[in-house]
Structure formats: C-alpha cells, structure tokens
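**Student:** Handing you this structure, nothing more for now.
The values are calculated or read from the model by the stated rules, or taken from the named source; none is laboratory data. Please read these numbers as outputs of a predicted model, since none were measured by experiment. Here the Cβ is made from the backbone with ideal geometry for all residues, glycine too, and neighbour counts use every protein chain on show.
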Amino acid sequence: MPVNVLSSRRRFGSLRRWGLCASGAVIVALAGCATPPPASQPDALADFRETNDPLEPTNRVFYAVNNGIDTVLLRPAAVAYRYVVPETIRSHTHNVLTNLGMPVQLIDDMFAAKPRRAGDTLMRLLINSTIGVAGVFDVATDWGWPDHESDAGMTLALWGISEGPYLFLPILGPSNPRDATGFGVDVAISPSTWVGQGTVVNAINYSRLGLGALDARSQVLDSLDKIKEQALDPYATIRSLYRQHRQSTIDDAQADEQATVPAWFPATPIPPNGAAKP
Amino acid sequence: MTGYTKLIGQTPVSQGFSGNPMGRRTVLAAGCSLALAFALPAAAAEPSVSQATDFVDRTGHELMTAVNGPGTTKDKGAALQTIIDRAVDVNTIGRFCLGRFWRQATPQQQKDYIDLFHRVLVQNITGKVGEYEGVSLVVNRAAPREDGIAVTTTVTRPNSAPNRVDWLVSNESGSLRIIDVIAEGTSLRLTQRNDYTAYLGRNNNDVQALIDALKKQASGA
C-alpha cells in the first residue's frame, strides 16, 4: 500500500500508530541484503550505489505483501468508497482529516525553524476548526493561508540529516530511515496518542484510522493503477517517484524564505542547509 | 552564451544564417570553436527564456484544447499524437531513458528501441485523455538549467488541488522541443530511466529483453 507515493499530502492520520509498531518489526526483519556488483563492472556498481537500496530483496518481499493486501482489501475498499460516497462528502472528510493533522504539522514547522510556515499552519488550525466547522470547510486556503507539506521527516531533512537507504515498510510503503523515524516522531507528538482513553476515544481513533486509509488510498487510485499498468518494474518506479517527490517537497520547504521581519530590519543571509540530494 | 552569440553576430558568416539548419550547425560549430578559443562559455544552441516560455504557452494551450475538446477519445488521441510528434523530442528522451545501455545496444536495437519507445510513450499519454477534462494551464516563470530551459506552469483540474508542472525544453534536436516533464517534482524521463535500469538489472542487463518487454507493452493496448 504505497499510498503516499504520488499524493501531495501526508494523509495517514492515525494509521501512524500502526506504523510505529510496524517500523519496530521491520527493523528486526531487515536481514536480506543485496550483493553489490563486483568492482570489475564499474557501471553496474555505479547503478547500485545510485539506487541506494541495499535491502532490495527484503524490500521487494514487503512490497509484494503490501501489494497483496492492497489488491484484496484496500484498493477495493477505496474504489467502493469513491463509488458510494459523493465527491462533496469525500472532500469534506479529507478536510477534516487534514485539519486533525494540523497540531503535529505546527510542531514540525516550528522545529523546522520555518516561522511563516508555522504561522500558516496555526492560522489554518484556528480558522478551519472554528469558522470551518471542525475542519469540514477549508476556509483558510481561500483567506490566504494555503496548506503545505510538512512532517518530522522533512524537519530532520532540513536539519541536514540525509535520507539513508531506501526502505519499503509493511503497511506504510516507501520510506527510508529518516522518514520512518520522522513518522515515529509524528505519532509520538500527536495529541491523539496521549489524549484520553475509553470507548469513545478508541472509536474516534479507529474511525480516523479507517477513514484516513480510505481517503489516502482513494486519492492515488488512478496514479497507482497507471504505475502498475505502465511500469516494467513498479517497485523501482515507486522507489524513484517517492524519492523525487520527497526531495522536491524538502527543496520547496527549504526555499520557502518568506520575510518574517519588518522591511527595515537588516537581512542576514541564511546559509544553505546541507540536506543531501539522493 | 550572450558573449558567444555576439561573436557569431559579428562574423560575415551570419549573413547566411536564416533558416537552413545545416548552415546553422556549421556556423554554430565554428562559433563554438571560436568561443573555446576565447575561453568563453560554450553553451550549445540554447533557446532564450522568452522563446521557451512562448513555446510552452503555445504547446500547453494546444494540449489543453485537444484534451478538453468535444471529440471522442479516439479523436482526442489523434490530436494529441500530432502535438507530441511536433513538440516532444522523443529521440532525446528515449536515449536518456536507456542511459548507459544506449552505448551497449547494437544500431538495430537502438532503432527498434526508439520506435517502440515512441509508440509506448504516445500510447501512455493518449490513454490518459479520457480522465482529463476541464484542464487549465497557466505559465508562471522560466529559468535556465544545465540541459535546457525549465518553464514552470500550474495545471488545474476540476475538484483537485493545482499541480506544478515544469516543462524542460531544449534545442538539441535542431528545433525547440520538450525533453522532460516534471510533475510535482517528479521527472518523467528520470522515473522512466529508473524503471528501465531496474528492469534491465533484473534481466542480465540485456537490452533485447527490454525491447521484448516494450514490444509486449506496445501490442498490449
């Protein structure tokens, strides 16, 4: 279920809690390593290094498992969701789920030292939770506070931490050590991880989990179908798309240097961050 | 580049400069060696930013007209193919996608591959026509990159957030053409190259295996 491959947003919602356990399990399971080509084949060796997927055999197993779960469970559910639920309701559901992710996004923006982005997120949370009726309507975008992508993995990237080798995680799909760590951090700092217990809270969390999965999967229905239909090696294509998309959102965040101080304040040049290119 | 253009402009050869691509090549070659001799930056026939912007604006709107038009899916596909053939540098993209294996391929394999690449590309693009309607495109800005000019546009589809699409255009084929499309930061040709490289890696790096797979794809629809 590589749902976040092409999606322009991280939409997992409370799928995350599962993910935390899953990422723990995968670290134990990471046994199969790919053998690098011999030094007598410099081109093949260069390819191997560029691909940066030393755990490819294991990753491909998880890809196959996720793909199986997706084919029998998630994709049909997403198709049904799209077929049964009207567009308007799906889009409002998406807004609510996005709004529930805003507190975590706010913390990520702050730790990324992006005050203007954090300001956007805070305004979105305040406006959409109140005037937008608990996030049903995305009023903030129309009022000049558009959404952006942000998560702890991106924050780590902006701190200069490189992505590391490619990982394909059970349930979660494409990732890498940095983004998997970021995912764990986001779960840990999410209010829903800490707030309350009992039947009602559990019901809300599970609904959010289920709806989040449906919403995320239905958003990439066509893209993922196309990839599987047109790619000769869908695993490699998803790997490539994930990395490029991640890098581009990190670059966007890095380049986002909106002025936060009055025009008369002396500008200090910000040194380029050392986030490594894949 | 400007210095080198100026240099050509001052030579009498530039009198016969209009239109004939062979003549232009020769002049450019001469210009390049002159440029090298004077240690000027020897950029190949790079299009200007405004040329690239106009080109993408024009081609983009042709594409939108074809996609949003009233005809059947088949008509739309035919219209798209005409635009692709004229505006997309399929040979350059195909060579890029094969990467280092281009050199390993025999001339016959290269020819077969390019033919098939062309067919599969057109098939993949025209196959999507049905799902796009009411698409609009706005050109934002353009910036030179090492392999061409990147023109940034915003493509909007009904009921979805606007997407950033960059079009990389170059003069490499002799006329202004698209050599890459970068949608939301993901490059079409790079993704394709990674796909092919992975497929080849799992098939003993045998170019013929890739050609056979493409044949299957081309006949599949």
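**Student:** From the list B:154, B:197, exactly one residue is within 14 Å of chain A (Cβ to nearest Cβ) and surrounded by fewer than 14 Cβ atoms within 10 Å (Cβ to Cβ). Which is it? Spell out the reasoning first.
**Tutor:** Working: B:197 fails: surrounded by fewer than 14 Cβ atoms within 10 Å (Cβ to Cβ).
Just one listed residue meets the conditions, B:154.
**Student:** So, in the stretch B:171-187, exactly how many residues are within 12 Å of chain A (Cβ to nearest Cβ) and among the hydroxyl-bearing types (Ser, Thr, Tyr)?
**Tutor:** 2
**Student:** Also, quick follow-up: Taking residue A:75, is it away from chain B (no Cβ under 14 Å) and either not hydrophobic (A, V, I, L, M, F, W, C) or not in a helix (DSSP H, G or I) (or both)? Working first, answer last.
**Tutor:** On the way: away from chain B (no Cβ under 14 Å): yes; either not hydrophobic (A, V, I, L, M, F, W, C) or not in a helix (DSSP H, G or I) (or both): yes.
In short, yes.
**Student:** Also: Just checking, which of A:70, A:53 is under 30 Å from residue B:200 (Cβ atoms) and outside any helix (DSSP H, G or I)? Spell out the reasoning first.
**Tutor:** Numbers: A:70 fails: outside any helix (DSSP H, G or I).
Result: A:53 is the single residue among A:70, A:53 that is under 30 Å from residue B:200 (Cβ atoms) and outside any helix (DSSP H, G or I).
**Student:** Being in contact with a Phe, Trp or Tyr (Cβ under 9 Å, 6 or more places away or on another chain), surrounded by fewer than 19 Cβ atoms within 10 Å (Cβ to Cβ) and not polar (S, T, N, Q), is that true of even one residue in the stretch B:171-179? Give the steps one after another, and end with the answer.
**Tutor:** Keep residues of the stretch B:171-179 that are in contact with a Phe, Trp or Tyr (Cβ under 9 Å, 6 or more places away or on another chain), which gives B:176-179.
The next check asks that each one be surrounded by fewer than 19 Cβ atoms within 10 Å (Cβ to Cβ); those that pass are none.
No; the residues of the stretch B:171-179 include none that is in contact with a Phe, Trp or Tyr (Cβ under 9 Å, 6 or more places away or on another chain), surrounded by fewer than 19 Cβ atoms within 10 Å (Cβ to Cβ) and not polar (S, T, N, Q).
**Student:** OK, next. Taking the stretch B:87-138 only, how many residues are farther than 19 Å from residue B:200 by Cα and β-branched (Val, Ile, Thr)?
**Tutor:** Of the residues in the stretch B:87-138, 9 are farther than 19 Å from residue B:200 by Cα and β-branched (Val, Ile, Thr).
**Student:** May I pose another question? For the stretch B:66-74, state whether one or more residues are buried (at least 19 other Cβ atoms within 10 Å of the Cβ), modelled with pLDDT under 90 and not β-branched (Val, Ile, Thr).
**Tutor:** yes
**Student:** For the stretch A:97-142, how many residues are among the hydroxyl-bearing types (Ser, Thr, Tyr) and either in a loop (DSSP other than H, G, I, E, B) or touching a Ser or Thr at 6+ places or on another chain (Cβ under 8 Å) (or both)? Even if it seems obvious, please write down each step before you answer.
**Tutor:** Applying the first criterion (among the hydroxyl-bearing types (Ser, Thr, Tyr)) to the stretch A:97-142 yields A:98, A:121, A:129-130, A:141.
Filter once more, so that each one left must be either in a loop (DSSP other than H, G, I, E, B) or touching a Ser or Thr at 6+ places or on another chain (Cβ under 8 Å) (or both): A:121.
Looking only at that region, the number is 1.
**Student:** Let me ask something additional. Hey, does the stretch A:243-252 have a residue that's under 20 Å from residue B:186 (Cβ atoms), assigned to a loop (DSSP other than H, G, I, E, B) and either within 14 Å of another protein chain (Cβ to nearest Cβ) or modelled with pLDDT of 95 or more (or both)?
**Tutor:** Just the residues of the stretch A:243-252 that are under 20 Å from residue B:186 (Cβ atoms), to begin with: A:243-252.
Remaining after also requiring assigned to a loop (DSSP other than H, G, I, E, B): none.
Scanning the stretch A:243-252 turns up no residue that is under 20 Å from residue B:186 (Cβ atoms), assigned to a loop (DSSP other than H, G, I, E, B) and either within 14 Å of another protein chain (Cβ to nearest Cβ) or modelled with pLDDT of 95 or more (or both).
**Student:** Before we move on, is residue B:219 surrounded by fewer than 18 Cβ atoms within 10 Å (Cβ to Cβ), more than 9 Å from chain A (Cβ to nearest Cβ) and within 13 Å of the chain's Cα centre (by Cα)? Quick ask: steps written out before the conclusion?
**Tutor:** Values: surrounded by fewer than 18 Cβ atoms within 10 Å (Cβ to Cβ): yes; more than 9 Å from chain A (Cβ to nearest Cβ): yes; within 13 Å of the chain's Cα centre (by Cα): no.
Judged against the criteria, residue B:219 is not a match.
**Student:** When you scan the stretch A:130-146, do you find a residue that is of a type outside the set (Lys, Arg), under 22 Å from the mean Cα position of the chain (by Cα) and closer than 23 Å to residue A:242 by Cβ, even just one?
**Tutor:** Checking the stretch A:130-146: not a single residue is of a type outside the set (Lys, Arg), under 22 Å from the mean Cα position of the chain (by Cα) and closer than 23 Å to residue A:242 by Cβ.
**Student:** Moving to a separate point now. Output the residues belonging to the stretch B:200-211 that are within 16 Å of residue A:45 (Cα to Cα) and either in a helix (DSSP H, G or I) or of a type in the set (Ser, Thr, Tyr) (or both).
**Tutor:** Within the stretch B:200-211, B:200, B:201 meet the criteria.
**Student:** Right, here's the next one. Scan the helices (runs of 4 or more DSSP H) fully inside the stretch A:146-199 and keep the ones with 3 or more residues being modelled with pLDDT of 95 or more. Before the answer, list the steps.
**Tutor:** Values: elements: A:152-158, A:177-189, A:191-194.
Ranges flagged: A:152-158, A:177-189.
**Student:** Residues to consider are B:168, B:190, B:214, B:137; find the one that is facing another protein chain (nearest Cβ under 9 Å) and either surrounded by 19 or more Cβ atoms within 10 Å (Cβ to Cβ) or part of a strand (DSSP E or B) (or both). Steps first, answer last, please.
**Tutor:** Values: B:168 fails: facing another protein chain (nearest Cβ under 9 Å); B:190 fails: either surrounded by 19 or more Cβ atoms within 10 Å (Cβ to Cβ) or part of a strand (DSSP E or B) (or both); B:137 fails: facing another protein chain (nearest Cβ under 9 Å).
Result: B:214 is the single residue among B:168, B:190, B:214, B:137 that is facing another protein chain (nearest Cβ under 9 Å) and either surrounded by 19 or more Cβ atoms within 10 Å (Cβ to Cβ) or part of a strand (DSSP E or B) (or both).
**Student:** Next question. Would you check if there is a residue in the stretch B:67-86 being within 13 Å of chain A (Cβ to nearest Cβ) and assigned to a helix (DSSP H, G or I)?
**Tutor:** Residues of the stretch B:67-86 within 13 Å of chain A (Cβ to nearest Cβ): none.
Checked the stretch B:67-86: no residue is within 13 Å of chain A (Cβ to nearest Cβ) and assigned to a helix (DSSP H, G or I).
**Student:** Could you identify the single residue in A:107, A:89 that is more than 16 Å from residue A:215 (Cβ to Cβ), away from chain B (no Cβ under 12 Å) and of a type in the set (A, V, I, L, M)? Steps first, answer last, please.
**Tutor:** On the way: A:89 fails: more than 16 Å from residue A:215 (Cβ to Cβ).
The unique qualifying residue is A:107.
**Student:** Suppose the filter is at pLDDT 80 or above, out of contact with any strand residue (DSSP E or B) (no Cβ under 6 Å at 6 or more places or on another chain), among the hydrophobic types (A, V, I, L, M, F, W, C) and surrounded by 16 or more Cβ atoms within 10 Å (Cβ to Cβ); does residue B:90 pass it? Talk me through it step by step, then tell me what you get.
**Tutor:** Working: at pLDDT 80 or above: yes; out of contact with any strand residue (DSSP E or B) (no Cβ under 6 Å at 6 or more places or on another chain): yes; among the hydrophobic types (A, V, I, L, M, F, W, C): yes; surrounded by 16 or more Cβ atoms within 10 Å (Cβ to Cβ): yes.
For residue B:90, the condition - at pLDDT 80 or above, out of contact with any strand residue (DSSP E or B) (no Cβ under 6 Å at 6 or more places or on another chain), among the hydrophobic types (A, V, I, L, M, F, W, C) and surrounded by 16 or more Cβ atoms within 10 Å (Cβ to Cβ) - is met.
**Student:** Can you confirm whether residue A:219 is of a type outside the set (A, V, I, L, M, F, W, C), in contact with a Lys or Arg (Cβ under 8 Å, 6 or more places away or on another chain) and within 14 Å of chain B (Cβ to nearest Cβ)?
**Tutor:** Details: of a type outside the set (A, V, I, L, M, F, W, C): yes; in contact with a Lys or Arg (Cβ under 8 Å, 6 or more places away or on another chain): yes; within 14 Å of chain B (Cβ to nearest Cβ): yes.
Judged against the criteria, residue A:219 is a match.
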